[in-house]
Amino acid sequence: MKLTAPLVYGLIACILLVSAPHADHLPLWASAVGAALLAWRTYLTASGNPLPARWLLLIITFGSVLAIAISFHTLFGREAGVTLLILLAALKLMELRALRDATVLVYLSCFIIITNFFYSQSIPTALFMLFTLLVIMATWVHLQTGTLALKPRLRIAAILLLQAIPLALVLFVLFPRVQGPLWGMPQDAYATSGLSDTMSPGSMSKLSLSDAVAFRVTFNDQVPRRDQLYWRGPVLWDFDGTTWTRGRNATVQRPTLSDTGSPVDYTVTLEPHNKRWLFALDMPSKLSIAADFAPDFQLLSKEPVNARIRYNATSQLSYRANPLEAPLQLRRALTLPRGFNPQTRQLAAEWRARGIGDDELIRTALANFSQNNFSYTLEPPPLGINSVDDFLFTTRQGFCEHYASSFVFLMRAAGIPARVVTGYQGGEYNDLGGYYILRQSDAHAWTEVWLQDRGWVRIDPTAAISPARIQSGLRAALPNDTALPFLIRTQSPLLLKLRFNFDALTNQWNQWVLGYNSERQFAFLTRLGMEDVSWQNMALDMLAGVALLTGIFTLLLLRRMLPKQADAVQTAWLKLCRKLAKVGLPRAPHEGAMDYAKRVAIARPELQQAMHDLATCYVALRYGRANEKQDVAAFKDAVRAFKL
Amino acid sequence: MTHPLQAVITQTEQVILGKPRQIRLALTCLLARGHLLIEDLPGVGKTMLAHALAKTLGLQFQRIQFTSDMLPADILGVSIYQRDSGEFKFHAGPIFAQMILADEVNRATPKTQSALLEAMEEQQVTSEGETRPLPVPFFVIATQNPTNQIGTFPLPESQLDRFLMRIQLGYPDAQAERGLLAGVERRDLIAKLTPQMETAELMALQQQVRQVFVSPALLDYVQAILRHSRESARYVHGLSPRAGLSLLAAARAWALLDGRTAVMPEDIQAVLPGVASHRLQSVQDVQISDGDKLARELIEAVAIP
């Protein structure tokens, strides 16, 4: 087998396919260099020009390594490592001189496939990589078989992949799982896009432009009303004039819920977001995994969530939250930065001066939003240093963070303890999968005020200005021409159905393939009837399964080869050929018996008569009409008697 | 060895020196009821071979020299009005003979070529609504110049497929050439040739060819060859089922010529270059593909099962 042009094109295609998805996150120069190398190699193959000199390749190689070191300040780690691997693979194409190099490239492409899963583990990625693997296998088959045309080549590759599937299944199900993310690099294991623990004007509206999934929820029995679906995330206390932050709780006491009612049970599958907080409906009372209940009802897991996790939770929809709040906490909930927003303070003071109660004051503040031409928009005008003043008195256009921020400011200025709560509101029901999808675009900010005897009460100022946001979601609340991500826009029922189908599939994939961790494995194997699930048993079963499958495939292959051997005449003839091969006269596979006898006779004249007789006999038995038992036996004896 | 056939071969070899293999292939073609295409340069003995075979086998012989201004009627014949009887009378063309030498067939226009090739295929001639059978046995040896010469209309693949075999004669080796130069005038030799076989005998032999035994093991081999030609990336097209039938028919005739009653793989290998060379095209250079070389590669690539 020579390095023919089709083979080289196949190898170029392999490298192209495995590295193309990386173009998304590689530095631009690296993508450009890689593409240029591939194009150059294609041109060289097409034109038949010689490969570049070694010194030139050496310069390019060192240049690339240097550039990587400069770009990433290291040669190790995920980004730098992947870039290095891809550039070196492309460079390897440039010195493709022997078959050995081609083999190396095939293996290298298989290895680069894995790196794609560092960045995305979605179904499309997996399918694309399966296709890539098929192309790589077809190239490999090409390398092994030489002249086979494309179609039979692809067929063999597909058969090989199909045979690998049961093996992969056995390995997948039984390979003992370890806790935690596989690659042990929590910092960059996942792209981060999600709620943060600070809030400033624009932070929520920016998040709303992402249709990435934050988490999915399945309710165990009854489903709350949509306006009750407040998924609680970080609670923000401290305000510096622009930005709200969590600050430090003045107490470590677990908060108390009293007079609870209408509990709901549900299961959350949370996408990794690299932060510690978990999301639960207002107000959570029980959680299936170990987590801290912060004094402000925030749930914090022990470790940052850097892998997809599942937990069950119970929330109470009616409650009285912490009516005995610690005084220090209440003082925090009244603190305002000095010197900002004088107009707002004045307004709050005016309302207070009317001598109305807290309830009335809250109503006044909300009515202020709903009656004074405030509008709800994704693109509010920028605000100055007195952001709350600017918003309340000048621009009057804002997103949920503006309303929450100014409302809390008003409350605090009026002497009512208040805080900002961020999280997600609503969700999209997938009736195929029977679960709710919460996207980043569902991110929301609302407020809580503390009232004597009633504890923390949820007030959502956005509901006052745009009830549609709460009742039907962001899409309904914004004008039609607002630029929204594709998935959030209004769609035809067909598209919606397709999307739900796909998301239901994604959910299954997340639950069963990506989320197949040690607990799932344990549960699954127990259900399968494995009695003592330990890693030793799993390893044993795994080895046994692999051995069994390999055995089955071997038998199937052997059975295909056996009928050829079954012919007694043929067997005896092959025995004769082996005897002659031992003395350096092997029969070529395409050589006929008579031709072979003649050739042997030339090399070993003393064998002429014997070989002629044997070959004549063989031809008569195998290709002639006569096939008597005793003739076959005689031929076998003759072969046995044949000595060299 | 069947006796009269041996005599035919021996006598032909006296005229055509140093080409025993080509003579046997030509005879194989005749016995397998196929037609033969000889492609070679002018003057290597194509016409002589045809002539000698016809003479030795005792067949009527007609030579048709193809030219670019030839019309189908020049081959098939025409009906001419008879003044005395007042009727049209069909004047048979040169194709009404047992052995035809169609010389330089690729110099004629496609229209004329297809008239000949249709007659070959159908074993009959239809002219002015009347169908006239051609004599039996009917054997055409067509010769053509290498297609890259000036003034040729190359035969399309579909028409090439009508020929059972395509062979090349090539230059004689030194010894044969010496004999040729030193010997007597070839035309005199041909004139002296005597028929070695009755026509009925020849037809009986053609019948015998069909009875030559083909074992399942051999069919495996033929199928392996066909499959490889179709799966391999080296050929533009694989061998057709008709090519497979031709291959088997030719191998049967070759075995009979060898005096055997069963086909063995060597027979297949012997006729494969003749049968397959005009049906295979290399992927790499469609313009100048050496069919013989491709066929030999095909033989070497397929193991005998």
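The values are calculated or read from the model by the stated rules, or taken from the named source; none is laboratory data. If you're wondering where the values come from, they're calculated on a predicted model, not measured in any experiment. Backbone-built Cβ (ideal geometry, glycine too); neighbour counts: all protein chains shown. Keep in mind that these areas ignore ligands, DNA and RNA; they rest on the heavy atoms of the full protein, side chains included. Shrake-Rupley method; radii C 1.70, N 1.55, O 1.52, S 1.80 Å.
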Report task. Rounded to whole Hz and in sequence order, give me ³J(HN,Hα) for segment B:231-248 from the Karplus expression 6.51 cos²θ - 1.76 cosθ + 1.60, θ = phi - 60°, writing x for Gly and Pro. Result -> 8, 5, 7, 7, 10, 5, 10, x, 6, 7, x, 4, 4, x, 5, 4, 4, 5
**Report entry** Long-range amide H partners of A:Leu281 with built H, under 5 Å
**Finding:** A:Arg232
Report summary line: Net charge (Lys, Arg +1; Asp, Glu -1) of residues whose beta-carbon lies under 15 Å from that of A:Leu207, A:Leu207 excluded, is -2
Report summary line: hull vol. (C-alpha, convex hull) per residue for segment A:518-561, Å³ -> 74
Report task. Find how many whole Å separate the alpha carbon centroid of segment B:88-153 from the alpha carbon centroid of segment A:105-130. Result -> 63
Query raised in the report: How big is the equivalent ellipsoid of chain A along its three axes, where each semi-axis is √(5λ) from the Cα gyration tensor, reported in whole Å from largest to smallest?
Result: 73, 29, 20
Query raised in the report: Mean residue ellipticity at 222 nm from the helices of the protein assembly as shown, using -39,500 (n - 2.57) per DSSP H segment of n ≥ 4 over the full residue count, to the nearest 500 deg cm²/dmol?
Result: -15500 deg cm²/dmol
**Report entry** Computed E for A:Leu557/B:Ala191 - FRET, C-beta separation, R0 51 angstrom, nearest 0.05
**Finding:** 0.15
Report task. Of the DSSP beta bridges with both residues in chain A, give the percent that are antiparallel, rounding to the nearest 5. Result -> 95
Query raised in the report: Using +1 on the beta carbon of Lys and Arg, -1 on that of Asp and Glu, and nothing else charged, what's the dipole of chain B about the Cα centre, debye to 20?
Result: 320
Query raised in the report: Roughly how many Å² of B:Thr28 are accessible to a 1.4 Å probe, to the nearest 10?
Result: 0
**Report entry** Relative contact order [Cα under 8 Å, 6+ residues apart], chain B, whole percent
**Finding:** 23
Requested in this report: Could you check what % of the DSSP bridge pairs in chain B are antiparallel, to the nearest 5?
Outcome: 35
Query - Accessible surface ranking that places the most exposed of A:Asp442, A:Asp358, A:Asp453 first, with a 1.4 angstrom probe - result: A:Asp453, A:Asp358, A:Asp442
**Report entry** Too-long pairs where the Cα-Cα distance tops 32 Å, listed order kept, from A:Lys629/B:Lys19; A:Lys598/A:Lys636; A:Lys598/B:Lys293; B:Lys55/B:Lys111; A:Lys151/A:Lys598
**Finding:** A:Lys629/B:Lys19; A:Lys151/A:Lys598
**Report entry** FRET efficiency for A:His25 and A:Leu514, using Cβ-Cβ distance with R0 set to 30 Å, rounded to 0.05
**Finding:** 0.95
Query raised in the report: Roughly how many whole Å is it from the C-alpha centroid of segment A:505-547 to that of segment B:229-305?
Result: 56
**Report entry** P(r) weight above 16 Å for segment A:1-80, C-alpha pairs, percent
**Finding:** 60
Report summary line: Amide H proximity to A:Lys275 below 5 Å, modelled H, separation 5+ or other chain, gives A:Val305
Report summary line: Scaled by the rule-of-thumb 2.2 N^0.38 Å, the alpha carbon Rg for chain B gives a ratio of 1.03
Query raised in the report: Given C-alpha coordinates of segment A:251-291, what is the ratio Rg to Rh with the Kirkwood estimate of Rh?
Result: 0.98
Query raised in the report: Simple spin-label model, 7 Å along Cα-to-Cβ: A:Leu451 to A:Ile123 in nm?
Result: 4.7
Report task. Using a cut-off of 14 Å between beta-carbons, work out the net charge of the residues near A:Gln228 (Lys and Arg +1, Asp and Glu -1, A:Gln228 not included). Result -> +1
Query - Solvent-accessible ranking of B:Leu239, A:Leu555, A:Leu134, largest area first, probe 1.4 Å - result: A:Leu555, A:Leu134, B:Leu239
Requested in this report: Note down the accessible area of B:Lys192, probe 1.4 Å, to the nearest 10 Å².
Outcome: 150
Report summary line: Compactness check, segment B:227-305: C-alpha Rg relative to the 2.2 N^0.38 Å globular estimate gives 1.10
Query - Stokes-Einstein translational diffusion, segment A:198-489 - Kirkwood Rh over all Cα pairs, 0.890 mPa s, 25 °C, in µm²/s - result: 127
Query - Principal axis box of segment A:375-455, alpha-carbon based, largest edge first, Å - result: 47, 39, 17
Query raised in the report: Once the whole set of protein chains is in place, how much accessible area is left on A:Phe62, using a 1.4 Å probe, in Å² to the nearest 10?
Result: 140
Requested in this report: Using Cα positions and a limit of under 15 Å, work out the aspartates and glutamates in reach of B:Lys192, with same-chain residues fewer than 8 apart set aside.
Outcome: B:Glu13
Query - Folded to 0 to 90 degrees: helix B:199-211 orientation relative to chain B principal axis, Cα - result: 30
Report summary line: From highest to lowest solvent-accessible area (probe 1.4 Å; ligands, DNA and RNA excluded), A:His402, A:His612, B:His228, B:His51 read A:His612, B:His51, B:His228, A:His402
Report task. Could you tell me, in Å, what Rg and Dmax come out for the Cα atoms of segment A:63-130? Result -> 13.7, 37
Requested in this report: Report the net charge of residues surrounding B:His237, where surrounding means a beta-carbon distance below 15 angstrom and charges are Lys +1, Arg +1, Asp -1, Glu -1.
Outcome: +3
Query raised in the report: How large is the dipole of chain A about the Cα centre if only Lys and Arg carry +1 and Asp and Glu carry -1, each at its Cβ, rounded to the nearest 20 debye?
Result: 2820
Query raised in the report: Dividing the alpha-carbon Rg of segment A:292-431 by 2.2 N^0.38 Å yields what?
Result: 1.25
**Report entry** Overall Cα dimensions of segment B:48-156, principal axis frame, Å, largest first
**Finding:** 49, 33, 23
Report summary line: Note: A:585-592 gets an average of partner chain Cβ contacts (10 Å, Cβ to Cβ) equal to 5
Query raised in the report: For segment A:568-641, with equal point scatterers placed on the C-alpha atoms only and solvent neglected, what are the log10 I(q)/I(0) values from the Debye formula at q = 0.18, 0.27 1/Å, to two decimals?
Result: -0.65, -1.41
Requested in this report: Work out from phi, with θ = phi - 60° and the Karplus expression 6.51 cos²θ - 1.76 cosθ + 1.60, the ³J(HN,Hα) of each residue of segment B:111-124, listed in order in whole Hz, and give x for Gly and Pro.
Outcome: 4, 5, 3, 6, 4, 5, 5, 5, 4, 4, 6, 8, 6, 7
Query raised in the report: Just how many % of Cα pairs in segment B:1-43 lie over 16 Å apart, if you round to the nearest whole percent?
Result: 42
Report task. Assuming 1.567 mPa s and 4 °C, estimate D for segment A:5-166 with Stokes-Einstein, Rh taken as the Kirkwood radius over Cα pairs, in µm²/s. Result -> 79
Requested in this report: Among A:Ala547, A:Leu525, A:Asn537, flag the residue with its Cα farthest along the positive direction of the charge dipole of segment A:518-561, charges on Cβ as +1 for Lys/Arg and -1 for Asp/Glu.
Outcome: A:Ala547
